[in-house]
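Right, one structure below, let's go through it.
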Amino acid sequence: METLEITTVIDPKMIIRAYLIYLPIALLLTYYVARVLFKNGRVFMVDIFRGREEIANATNRLFEMGFYLLNLGFALLILRIDLGGAELFGTQEMIEVLSKKLGGFSIYLGIMLFLNLFLFFRGKRKSKEHQVLTERMIQTKPTI
Amino acid sequence: MDENLNILAYSVYGGITAFIVFRVGWVFYVNGIHYILDVFKNENDLAQMVNRFLLIGYYLINLGYVAVSLSYWPAITAHHQLIELLAERTAFIVLGLALMHYMNMIWVPLAKRFFTNN
């Protein structure tokens, strides 16, 4: 009975409007971050795979796909606006709810961006270590 | 309310998930072959076969999940509920795909190390 009363007080059109604002912003934000990250990611990948273009490109594409799946999935998961028994959902409430959601999402995206950058740098370092190790092995081989 | 929102939801959900599953599967199929070729060195036919089996298995699992999950939707009574449910259910399948994808990214290099003994 209570929920019935609330839906009559709150205008459902306002919630739909909030979703229609939230969705494009969240999707475009993810798209922009992914594009910036993986346009530059290719350089790292070529370095990591020591110039093997094909597998470097494939890895970059797969990481990009993973990034999209994870972050778009998260963006859709947090879409629901839980009114929690509130009596009113006007323009003020909509702005507050949307800024909380979008702000939180952009902080999350920032953390994801730095996590990916960290992985790129780590891969580069590991690849370099491996290269130095194999070179040393080749150099010391004739003396054994 | 005389219009049936559940049927509308199913058709939109089916369209979105089919698009995502086919698109993502194709990207994995095209880019994954380099990894499989890395594991099965010099055995091009075997690598192609494994890759195709992986793609078919992926389609069966995901489209099967989409079809089965349709029977567990609650009754939809309002348009904002339609958007919420569509987003939530799409998020589940997309996050499931992400989980499977990251697991593959972890175990394929391990498998490579295991098979090539290096």
task: Look at A:Phe121 and say whether it is away from chain B (no Cβ under 13 Å), closer than 25 Å to B:Tyr29 by Cβ, open to solvent by 10 Å² or more (accessible area, probe 1.4 Å) and more than 17 Å from the chain's Cα centre (by Cα).
output: no
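Quick check, is B:Ile93 surrounded by 13 or more Cβ atoms within 10 Å (Cβ to Cβ) and under 23 Å from A:Leu79 (Cα atoms)?
The answer is yes for B:Ile93.
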- request: Find all pairs meeting these conditions: Cβ atoms under 9 angstrom apart; at least six residues apart or on different chains; first residue within the stretch A:18-43 and within 18 Å of A:Met65 (Cβ to Cβ) and modelled with pLDDT under 95; second residue β-branched (Val, Ile, Thr) and open to solvent by less than 10 Å² (accessible area, probe 1.4 Å).
  value: A:Gly41/A:Thr59
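Restricted to the stretch B:101-118, and to residues that are within 9 Å of another protein chain (Cβ to nearest Cβ) and of a type outside the set (Ser, Thr, Tyr), which residue is most open to solvent (accessible area, probe 1.4 Å)?
Restricting attention to the stretch B:101-118, the residues satisfying the condition of being within 9 Å of another protein chain (Cβ to nearest Cβ) are B:101-102, B:104-105.
Subset that is of a type outside the set (Ser, Thr, Tyr): B:101, B:104-105.
Values: B:His101: 8, B:Asn104: 71, B:Met105: 43 Å².
Among those that are within 9 Å of another protein chain (Cβ to nearest Cβ) and of a type outside the set (Ser, Thr, Tyr), it is B:Asn104.
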task: Scan the stretch B:18-37 and give yes if some residue there is on the phi > 0 side of the Ramachandran plot and away from chain A (no Cβ under 11 Å), otherwise no.
output: no
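The values are calculated or read from the model by the stated rules, or taken from the named source; none is laboratory data. The structure displayed is predicted, hence computed values, not measured ones. Glycine also receives a Cβ, built like all others from the backbone with ideal geometry; neighbour counts cover every protein chain displayed. The area values use the complete protein model at the heavy-atom level, side chains included, leaving out ligands, DNA and RNA. Shrake-Rupley method; radii C 1.70, N 1.55, O 1.52, S 1.80 Å.
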